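Worksheet for the structure shown next.
No value in this document is a laboratory result; all are computed from the given coordinates. This one's a predicted model, so the numbers in the text were calculated from it and none came from an experiment. Please note: Cβ atoms are built from the backbone with ideal geometry, for glycine as well, and neighbour counts cover all protein chains shown.
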Amino acid sequence: MFLVLGKKGSGKTYYTIHTLIEQYHTAHPEKKILVYNTDDHTDYRYIPRIKPGDLERWTGAGIYRIVDSDATGVISLINEYVYNGLVIFEDASKYINKRLQKSAWDAILNSKQHNIDILFQFHGFAACPPEILRQCDVITMFRCDSPAYRRDELVEYEAVQAAYNKVMASKEDYPHKTVIVA
């Protein structure tokens, strides 16, 4: 499970599209990639859009996106019908609260059995539910809020804090650091 954190405009969507999706698709051309968001984010419009009901019939590889405001319903459908691939929850703080909903928790718990890699994007540590912080394997941080007050919920806190300090001290336009926390 991947976690990408960064405030608005920090570069997380660009990174997800031009690094993670491209690399995942190149490494696993036989797998599915699904991007879910409640808004029709302009940066993802190159990806064909499907409706939540299409998930039941989705077989084979491909890259698709779903734009729908019924997060609980969409996540339940993803949990039931999506296997073998990557699911990206773009700007998840819009539909995943600080306390994780049952449908999202079920998706996390079932991801191994479904052979699914999950990527959650949040604006920062404050918006991310503690269950996700405890379960994630990889955290990529852009400029965001401090992980200091989430110390007890982070595996490898010292490494996360050190990476965060480097990002915040960087003079680059879109600095980011990745920490393996598994």
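Can you give the FRET efficiency for residue 134 and residue 158, using 1/(1 + (r/R0)^6), R0 = 22 Å, r = Cβ-Cβ distance, to the nearest 0.05?
With R0 = 22 Å, the Cβ-Cβ based efficiency is 0.85.
List the relative contact order of the chain as a percent without decimals, with contacts defined as Cα pairs under 8 Å and 6+ residues apart.
27 percent
Rounded to the nearest 20 Debye, what is the dipole magnitude of region 2-180 about its Cα centre when Lys and Arg each give +1 and Asp and Glu each give -1 at the C-beta? Working shown, then result.
On the way: 22 positive and 23 negative charges, 56 e Å.
Dipole of region 2-180, to the nearest 20 debye: 260 debye.
Starting from the amide H of residue 33, placed 1.01 Å from N in the peptide plane, find each other amide H under 5 Å away whose residue is 5 or more places distant or on another chain.
62, 63, 64, 86
About its Cα centre, what dipole magnitude does region 40-85 give when the only charges are +1 on Lys and Arg Cβ and -1 on Asp and Glu Cβ, stated in debye to the nearest 20?
Computed about the Cα centre, the dipole is about 180 debye.
Just to be sure I understand the rule: take each whole DSSP H helix in the chain, project its Cα atoms onto its long axis, keep it if the span is 27 Å or more and its mean Kyte-Doolittle hydropathy is at least -1.0. Which ones pass?
none
Let me have the 222 nm mean residue ellipticity of the chain computed from DSSP H runs of 4+ only, each contributing -39500 (n - 2.57), with the sum over all residues rounded to the nearest 500.
The per-residue figure over the chain is -7500 deg cm²/dmol.
Could you list 146, 103 so that the one with the fewest beta carbons within 10 Å of its beta carbon is first and the one with the most is last?
146, 103
How do 79-90, 168-179 rank on mean C-beta neighbours within 10 Å, highest first?
The densest-packed peptide leads the list: 79-90, 168-179.
With a ≥ b ≥ c the root eigenvalues of the C-alpha gyration tensor of the chain, is it rounded (a/c under 1.5), prolate (a/b larger than b/c) or oblate?
Since a/c reaches 1.5 and a/b is larger than b/c, the shape of the chain is classed as prolate.
Give the shape of region 1-100 as rounded, prolate or oblate, defined through the alpha-carbon gyration tensor: a ≥ b ≥ c are the square roots of its eigenvalues, a/c under 1.5 means rounded, and otherwise the shape is prolate if a/b is larger than b/c and oblate if not.
Verdict is oblate for region 1-100.
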